[in-house]
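Visitor: If you scroll down you'll find the structure; I have some questions about it.
The values are calculated or read from the model by the stated rules, or taken from the named source; none is laboratory data. Bear in mind that the values here come from a model prediction, so they are computed numbers and not experimental data. When we count neighbours, we look across all protein chains shown, and the Cβ atoms used for this are built from the backbone with ideal geometry, even at glycine.
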Amino acid sequence: MKNEILLSFLLMLFVVFPTWAQQQTVTGTVTAAGDNLSLPGVVVLEKGTTQGTTTDIDGKYSINVSGPNAVLVFTYIGFLPQEASVGNRSIIDMVLQEDVKLLGEVVVTGYGTQERKTLTSSISSVSSKDIQGLPMASPDQMIQGRAAGVQVNSSSGTPGGGMFIRVRGSTSINASSDPLYVVDGIPIVSDNQSAVGLGGQITNPLADLNPADIESMEILKDASATAIYGARAANGVVLITTKRGSMQKAKIEINSYIGVQSLWRQPDVVDGSTFERLINESRVNNGQTPLFPNPESALNTDWMGEIFQDAPISNFDASISAGTDKVKYLVSLNQFDQDGVTKPSQFKRTSGRVNLDFAASEKLNIGTSILISRNFRNRVRNDNNIFGAIGAAYFLPTNQPIFQPDGSYTKFSIFENPVAAVEEVDIAMVTNRILANIYADYEIAQGLIFRSTWSLDYNNVKEDRYDNTLLNTGAATNGDASSIVTVNDNWIWENVLSYQKVFGTNHSVNALLGYAAQNSYFERTTAAGQQFPSNDFRRIASAAVQTSSSTGSGWGIEGIFARVNYAYKGKYLATVNVRRDASSRFGTANQSAIFPSFALGWVMTEESFMANQSFISTLKPRFSWGVTGNQNGIGDFQSRGLWGGGANYTDFPGTAPNQLANPDLKWETTTQTNIGIDVGVLNDRFTLTFDWYNKQTEDLLLAVPLPRSTGFNSIVQNFGAMENKGFEIGIMGVIANKKDFSWDFGFNISQNRNLVKKIAAPFNVFTRDVIRVEEGLPLFSFWLHDQVSVDPETGISIYRTVNGEAPVNSSDFNAGRDRFIVGNAQPDFFGGLNSNMRFKNFDFNMFWQGTYGNDQLNWVRFFQEHGGTRNTGFVGSQLDRWQQPGDITDVPRMVSANYRGDLRPGRFLEDGSYLRLKNLTIGYTLPYAITERIGFSRIRVYGSGQNLLTFTNYTGLDPEVNTGADQGGLAEGIDLYAMPQPRVIMGGVNLTFK
């Protein structure tokens, strides 16, 4: 027996010993390509066995393998799997490449997330990778050209200035057409908070946010995606999700850039000698004597050079993030400084953020997001303001000196001296904002989670203006000042019960039920003063004449909502949303409304009839329908009969009615149908998304005219209809994804057709009624005199009339009658192209953006191509005037008949199409072996250019700007003394510490 036991032991040892002798231990670190950050949780397996491990919080691992012939397989969500042969090595460090396909699989939706594979809605996504390091003050600027169906234009180049954003077109006339912005679940204040009128210039509250804090932006476009926000979702929803901590050791990041901004196109104005010659020519043509005897010796003042500058821009971001299985956090700080290319405009932002997530127990998680932001704006009058700095620089003739012999500013007619307009201006705006929430998640049962969130959006805005006696406005009143404090306080309380369950192998359900309440309070206090003892005393307490006023308002909304996502066998998809909202803004008869939606999807590539092909990896047709609402932009008490104070008689106070009641007032409603398809080929290496939509808006919140006998001009009613139809195409592709070379791109193009289907009566918008709103026309239609030609024999303008064509000096032409719709500011197409390339440690990004088919009204030319009817400055296009028989031009002879004050010539409507190289970036990441030695895990340096190239036929300073931003969204495509967007050249560095 003993011999048998010994023999068995020897046999077992003979079998096991070779295996034991060949086993070896392999250790290493797994990092991500590009940033060299360690990856915790990477699965490391020996191929063909069950032997495996995972990397720790530092990305390190240790595994016993069978021997030199072993092969290790590294897998991690969002990255391509990698294999490595062991051979004689005991240390194998692995760098994983991002899987571009997998990175886009999960998208943020209203009150949750969803895999894109099962998404039935139309949602565009912009990630932090797409917008990293762009020299822009606000996140909405970064959406431009990157999301199909979303039109974004800068109202001007004013630092911290407003934006024009439309998601699938404008849906309203008197109410707002701006999208709803939701930051980390908080519906935020996003409309202009300034009370100081400087022309068409508006401010942008989204500039309070630090773009570097953003993880992703999702734009919800169709009704299936937006209906969960019900009464405020007719114009689309922009979800902004900020970065949070993850399970890793402390990671410190510092990102900074500095650059210079300049005009990409110089203003085209004539010099002093040319100005005098043109004035003389005009006077001779009109039978008068020349005014200037010796134009060649004229003074030449460069007014534009006095007000424009090369302006600095800088940004500094620092953040630290870390996490364990219990606590995850991110803390960030930001300092952003931008001077405008027009003196002395400036925007400064200082902000700090804390995002914290804490696992209090296995079932309870709590957390918070807190943003504290303080902004300073140094403002200057511009944008739709002929008395502003840019307007004055165009109007004042270049033959005028800056100063008079006594040292005082040269005064010219009613216009401000341009140098005084920038040197003596004192208009400051300080914004303090707190954007915060606190949440608690409790897992009631497996898959059943209850979340309660309380949020705050607090805005405190202080504006101070002083016009001193060296300015025209201040000289007339011996100093003129105002001080305005605006408080906009919002709180939101939301409770959501969500449930996720897979039944068997075929049925998957993701459902939620929620309640939300929001209260908003607005208060504004204004103090004003005139007659100051001197310019050294600027507080209103020093004014001899003082006035003050205050106003306040508030509104509330509450809603209950539900959503169910259902998938059968992962290929038959359905989504149902419903929300019931009640708002204090509407009449007692219609204070609540229900907004439903549904969507269907079919993942055809999961069907057996497509199983034997490998080219098409995704084929998913989608359909959605739903109803959403709009309550924004109409005021808080439009349904009620209101009385106002101030109707005083001598020393006796009084009140008077100022608004009629409308108890039937209710929401604008937009019904939207969407048909789309998602296609992926070659394992989704290339993807295409196509959507066609039809948006019908009814019951417009419209100011309907009333008979004068009522004592009121109008009343807000539900009257009118609007239509938007269009399509969107988005293409993404990975051309290469190798270890040393990768190249991916994204392209989108969109078309939207807008139509005013029904309004109470036509009306006109903007200076000199150049835009007309009328049934059967799209919004932003230009109503001008249609100049057909200039008679080559006489130089007289020929205009279209209701009876044909006629010279402007003919009785057949009637300026009051013969006006026509001659163009539209809405583009035929708009879109963008983004290309990312990496070669070893170099990275290249190129982003193009543009529009096609839109008209832009160069209203600067209207005022400065005046033919000598005014003695103000000329633009260079005046030099193209008709001068002698046979001249072929559209600029008529310089005689009064051609430049009458009642003319609105269509020749000033130009092609506003443009293609712009919005960004070009070249970066270099130092090898990890170098950065590791000096205590960094990543060092990247880069150079970048913004607005480097612009291809356009438009002759103004910027084809993109719109000085009608203060017209309630009804004026677009007008350029009137707007600050242009600058060209930016900058350099930066990204540092990541271990």
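Visitor: Looking at (1) closer than 30 Å to ASN280 by Cα; (2) in contact with a Phe, Trp or Tyr (Cβ under 6 Å, 6 or more places away or on another chain); (3) basic (Lys, Arg), can you tell me which one ARG904 breaks?
Guide: Among (1) closer than 30 Å to ASN280 by Cα; (2) in contact with a Phe, Trp or Tyr (Cβ under 6 Å, 6 or more places away or on another chain); (3) basic (Lys, Arg), ARG904 violates only (2).
Visitor: To continue, here is another question. For the structure I just gave you, tell me whether ASP684 is on the phi > 0 side of the Ramachandran plot, surrounded by 22 or more Cβ atoms within 10 Å (Cβ to Cβ) and modelled with pLDDT under 95. Walk me through how you get there before you give the answer.
Guide: Numbers: on the phi > 0 side of the Ramachandran plot: yes; surrounded by 22 or more Cβ atoms within 10 Å (Cβ to Cβ): yes; modelled with pLDDT under 95: yes.
Yes.
Visitor: Return a yes/no flag: does segment 539-560 have any residue that is in contact (Cβ under 8 Å) with a residue 12 or more places away in the chain, under 30 Å from GLY676 (Cβ atoms) and assigned to a strand (DSSP E or B).
Guide: Checked against the condition, which is being in contact (Cβ under 8 Å) with a residue 12 or more places away in the chain, under 30 Å from GLY676 (Cβ atoms) and assigned to a strand (DSSP E or B), segment 539-560 yields at least one hit.
Visitor: I'm checking my understanding of the structure. Among residues of segment 853-909 that are in contact with a His (Cβ under 8 Å, 6 or more places away or on another chain) and in a loop (DSSP other than H, G, I, E, B), which one is surrounded by the most Cβ atoms within 10 Å (Cβ to Cβ)?
Guide: PHE874
Visitor: Within segment 105-157, which residues are surrounded by 24 or more Cβ atoms within 10 Å (Cβ to Cβ) and of a type in the set (D, E, K, R)?
Guide: ASP140, ARG146
Visitor: Moving to a separate point now. Could you please give the count of residues in segment 933-984 that are more than 29 Å from ASP268 (Cβ to Cβ) and either free of Cβ contacts under 8 Å to residues at least 40 places away in the same chain or of a type in the set (A, V, I, L, M, F, W, C) (or both)?
Guide: 6
Visitor: Here is a check on your reading of the model: is SER750 assigned to a strand (DSSP E or B) and hydroxyl-bearing (Ser, Thr, Tyr)?
Guide: The answer is yes for SER750.
Visitor: Output the number of residues of segment 77-98 satisfying the condition of being part of a strand (DSSP E or B), more than 15 Å from SER66 (Cα to Cα) and without any contact (Cβ under 8 Å) to a residue 60 or more places away in the chain.
Guide: Selection size over segment 77-98: 3.
Visitor: A follow-up question, please. Among the residues of segment 674-700, write down those that are assigned to a loop (DSSP other than H, G, I, E, B) and either in contact with a Pro (Cβ under 8 Å, 6 or more places away or on another chain) or touching a residue at least 60 places away in the same chain (Cβ under 8 Å) (or both). Working first, answer last.
Guide: Just the residues of segment 674-700 that are assigned to a loop (DSSP other than H, G, I, E, B), to begin with: 682-685, 699-700.
Matches in segment 674-700: LEU682, ASN683, ASP684, ARG685, LEU700.
Visitor: Among the β-branched types (Val, Ile, Thr), assigned by TED's automatic domain parsing to the domain that holds GLN751, under 24 Å from the mean Cα position of the chain (by Cα) and farther than 19 Å from ALA234 by Cα: is that true of THR689 in this structure?
Guide: When the stated conditions are applied, THR689 passes them.
Visitor: If you don't mind, there's one more thing I want to ask. Among the residues of segment 239-276, which ones are in a helix (DSSP H, G or I), buried (at least 19 other Cβ atoms within 10 Å of the Cβ) and of a type outside the set (A, V, I, L, M, F, W, C)?
Guide: Passing the criteria: GLY272, THR274, GLU276.
Visitor: From PHE316, PHE308, PHE292, which residue is out of contact with any strand residue (DSSP E or B) (no Cβ under 9 Å at 6 or more places or on another chain) and among the aromatic types (Phe, Trp, Tyr)?
Guide: Result: PHE292 is the single residue among PHE316, PHE308, PHE292 that is out of contact with any strand residue (DSSP E or B) (no Cβ under 9 Å at 6 or more places or on another chain) and among the aromatic types (Phe, Trp, Tyr).
Visitor: Contact list please: Cβ distance under 6 Å, first residue in segment 383-401 and outside the structural domain of VAL422 (by TED's automatic domain parsing), second residue assigned to a loop (DSSP other than H, G, I, E, B), pairs at least six apart or on different chains.
Guide: none
Visitor: Tell me, which residue of segment 169-187 that is of a type in the set (Ser, Thr, Tyr) and assigned to a loop (DSSP other than H, G, I, E, B) is surrounded by the most Cβ atoms within 10 Å (Cβ to Cβ)?
Guide: Among those that are of a type in the set (Ser, Thr, Tyr) and assigned to a loop (DSSP other than H, G, I, E, B), it is THR171.
Visitor: Tell me, please, whether a residue that is modelled with pLDDT under 80 and either closer than 20 Å to PRO40 by Cα or surrounded by fewer than 17 Cβ atoms within 10 Å (Cβ to Cβ) (or both) can be found in segment 81-96.
Guide: No, there is no match, as no residue in segment 81-96 is modelled with pLDDT under 80 and either closer than 20 Å to PRO40 by Cα or surrounded by fewer than 17 Cβ atoms within 10 Å (Cβ to Cβ) (or both).
Visitor: With the condition kept exactly as written, say whether any residue in segment 206-216 is of a type outside the set (D, E, K, R) and more than 26 Å from LYS129 (Cα to Cα).
Guide: no
Visitor: Can you work out which of the residues in segment 706-731 that are of a type outside the set (Val, Ile, Thr) and in contact (Cβ under 8 Å) with a residue 60 or more places away in the chain is surrounded by the fewest Cβ atoms within 10 Å (Cβ to Cβ)?
Guide: Our first condition is that a residue be of a type outside the set (Val, Ile, Thr); within segment 706-731, this holds for 706-709, 711-714, 717-728, 730.
So of that shortlist, the ones also in contact (Cβ under 8 Å) with a residue 60 or more places away in the chain come out as 720, 722, 724, 726, 728, 730.
On the way: GLY720: 22, MET722: 25, ASN724: 24, GLY726: 18, GLU728: 25, GLY730: 21.
Top of the filtered list is GLY726.
Visitor: Could you tell me whether any residue of segment 100-112 is closer than 22 Å to ILE165 by Cα, in a loop (DSSP other than H, G, I, E, B) and either touching a strand residue (DSSP E or B) at 6+ places or on another chain (Cβ under 6 Å) or in contact (Cβ under 8 Å) with a residue 60 or more places away in the chain (or both)?
Guide: Yes, there is a match, as at least one residue in segment 100-112 is closer than 22 Å to ILE165 by Cα, in a loop (DSSP other than H, G, I, E, B) and either touching a strand residue (DSSP E or B) at 6+ places or on another chain (Cβ under 6 Å) or in contact (Cβ under 8 Å) with a residue 60 or more places away in the chain (or both).
Visitor: Oh, and also: So which residues in segment 224-265 are of a type in the set (Val, Ile, Thr) and under 30 Å from VAL578 (Cβ atoms)?
Guide: THR226, ILE228, VAL237, VAL238, ILE240, THR241, THR242, listed by residue number.
Visitor: A follow-up question, please. Going residue by residue through segment 299-309, is there one that turns out to be in contact (Cβ under 8 Å) with a residue 12 or more places away in the chain, under 21 Å from MET136 (Cβ atoms) and not in a helix (DSSP H, G or I)?
Guide: Taking segment 299-309 first, the residues in contact (Cβ under 8 Å) with a residue 12 or more places away in the chain are 299-304, 306-309.
Cutting the leftovers down to under 21 Å from MET136 (Cβ atoms) gives us 308-309.
Checking the rest, the ones that are also not in a helix (DSSP H, G or I) come to 308-309.
Yes, because at least one residue in segment 299-309 is in contact (Cβ under 8 Å) with a residue 12 or more places away in the chain, under 21 Å from MET136 (Cβ atoms) and not in a helix (DSSP H, G or I).
Visitor: Identify, from the list ALA647, ALA703, ALA656, the residue that is in contact with a strand residue (DSSP E or B) (Cβ under 8 Å, 6 or more places away or on another chain), over 27 Å from SER124 (Cβ atoms) and in contact (Cβ under 8 Å) with a residue 40 or more places away in the chain.
Guide: ALA703
Visitor: Further question on the same structure: Go through the residues of segment 388-407 one by one and say whether even a single one is buried (at least 17 other Cβ atoms within 10 Å of the Cβ) and acidic (Asp, Glu).
Guide: no
Visitor: Does LEU356 satisfy being farther than 30 Å from ALA978 by Cα and assigned by TED's automatic domain parsing to the domain that holds ALA195?
Guide: Criteria met by LEU356.
Visitor: Can you tell me which of (1) modelled with pLDDT under 95; (2) more than 20 Å from TYR111 (Cβ to Cβ); (3) part of a strand (DSSP E or B) is the one ASN590 doesn't meet?
Guide: (3)
Visitor: Restricting attention to segment 573-585, which residues are in contact with an Asp or Glu (Cβ under 9 Å, 6 or more places away or on another chain), of a type outside the set (Lys, Arg) and either at pLDDT 95 or above or crowded, with 18+ Cβ neighbours inside 10 Å (or both)?
Guide: ASP581, SER583
Visitor: While we're looking at this one, here's another question. Could you look through segment 604-643, keep only residues that are in contact with a Pro (Cβ under 9 Å, 6 or more places away or on another chain) and in a loop (DSSP other than H, G, I, E, B), and pick out the one that is surrounded by the fewest Cβ atoms within 10 Å (Cβ to Cβ)?
Guide: Restricting to residues being in contact with a Pro (Cβ under 9 Å, 6 or more places away or on another chain) and in a loop (DSSP other than H, G, I, E, B), the top hit is GLY641.
Visitor: Still on this structure, I have one more. Mind checking which residues of segment 792-848 are in a strand (DSSP E or B) and farther than 30 Å from GLU972 by Cβ?
Guide: GLY804, ALA806, PRO807, ASN836, MET837, ARG838, PHE839, PHE842, ASP843, PHE844
Visitor: Now, a different point. Might you let me know whether segment 239-255 holds any residue that is within 30 Å of ASP302 (Cβ to Cβ) and more than 22 Å from the chain's Cα centre (by Cα)?
Guide: no
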